[in-house]
Amino acid sequence: MPNVTEGSVADAKNGVRLATRSDESDLRELTSLAVQGDRGAIESLLGQLRPMVVRYCRARLGRVSGQYHIADDVAQEVCIAVLSALPRYRDMGRPFASFVFGIASHKVADALRSSVRCAVPTQDLPDGPDDGPGPEETVVRYIEAEHARRLLSRLPDNQRELIILRVVSGLSAEETGNVLGMSPGAVRVAQHRALARLRAMAELESIA
Amino acid sequence: MNAVHPGRPVRRYGRGEQIDTLAEDLILGALSRREPLPVPGDPAVRLLAALIDDVDQRRSSVSMTPST
């Protein structure tokens, strides 16, 4: 079972492209092989889904003490739950992603209910220079992301879920619709409304 | 029959709104695929881009918690 760490999300860009561009029938075939216990298929399937799950959990749960440890732990739990449930999974015509995000949604809800500000292990201090963004850029990015998260939390549940799946997890309108039980057209209309609300809230806050 | 329940508002989408919806879908699709976008003027898109950027971050070495 691949481990979910912050570093493993890394090439999120590739992960997103891989997942969204996959031919649905290929994914169905892969899922079918994984359900039968094919190790290679299981690894490949999780490899495609994991980056999307990590992003989903990070977007929903945010940081604790500046770190994504809790969100990444929940993402790991989702992957373990998916793996455990695989032998019992039956293809009922809906994409496998809707099964995965159903589990993810419950795990996130559990985490939110039992959210306890626990101690967060810190990384060892690096010996060499850090190539990442500097403190100022990091803080600006952090503040903007927290602002986005705060405004998203004020959207109706279904609109928030839709925007996170569509934009953050990287699902297409069709895939998002499959997860949420909506047509692609309804997804586009709902995301238009969600964006309008976000825009209005952001503009109102900038005036205030 | 075209009757509408009086308590239910009639919602019509004009051509302008349809174009907005499609344009937004293209922008959100580009964001979701992590394609580079010019600096967005739309505050909603800018915020979502910031959230994506943060969520995709490889690692965070700076703690935001002030030391006590």
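The values are calculated or read from the model by the stated rules, or taken from the named source; none is laboratory data. Treat the numbers as computed from the prediction; the structure is a model and nothing was measured. Here the Cβ is made from the backbone with ideal geometry for all residues, glycine too, and neighbour counts use every protein chain on show. These area figures cover heavy atoms from the full protein model, side chains too; ligands, DNA and RNA do not enter into them. Shrake-Rupley method; radii C 1.70, N 1.55, O 1.52, S 1.80 Å.
Given the conditions (1) within 9 Å of chain B (Cβ to nearest Cβ); (2) hydroxyl-bearing (Ser, Thr, Tyr); (3) open to solvent by 50 Å² or more (accessible area, probe 1.4 Å), which single one is not true for A:SER169?
Condition (3) is where A:SER169 drops out.
Output the residues belonging to the stretch B:14-61 that are closer than 25 Å to A:VAL53 by Cβ, open to solvent by 30 Å² or more (accessible area, probe 1.4 Å) and modelled with pLDDT under 75.
B:ARG58, B:ARG59, B:SER61
Any idea which residue in the stretch A:173-191 is nearest to the chain's Cα centre (by Cα), counting only those that are open to solvent by 20 Å² or more (accessible area, probe 1.4 Å) and within 7 Å of chain B (Cβ to nearest Cβ)?
A:ARG188
Please indicate, with yes or no, whether at least one residue in the stretch A:144-153 is open to solvent by less than 50 Å² (accessible area, probe 1.4 Å), at pLDDT 90 or above and not in a helix (DSSP H, G or I).
The answer is no, given that none of the residues of the stretch A:144-153 is open to solvent by less than 50 Å² (accessible area, probe 1.4 Å), at pLDDT 90 or above and not in a helix (DSSP H, G or I).
Name the residues in the stretch A:154-166 that are part of a helix (DSSP H, G or I) and more than 8 Å from chain B (Cβ to nearest Cβ), would you? Spell out how you get there, then give the answer.
Filtering the stretch A:154-166 down to residues part of a helix (DSSP H, G or I) leaves A:157-166.
Matches in the stretch A:154-166: A:ASP157, A:ASN158, A:GLN159, A:ARG160, A:GLU161, A:LEU162, A:ILE164, A:LEU165.
Could you look through the stretch A:51-71, keep only residues that are open to solvent by 10 Å² or more (accessible area, probe 1.4 Å), part of a helix (DSSP H, G or I) and under 19 Å from A:ARG113 (Cβ atoms), and pick out the one that is farthest from the other protein chains (Cβ to nearest Cβ)?
A:ILE70
Restricted to the stretch A:114-141, and to residues that are open to solvent by less than 50 Å² (accessible area, probe 1.4 Å) and in a helix (DSSP H, G or I), which residue is modelled with the lowest pLDDT?
Only one residue tops the list, namely A:THR138.
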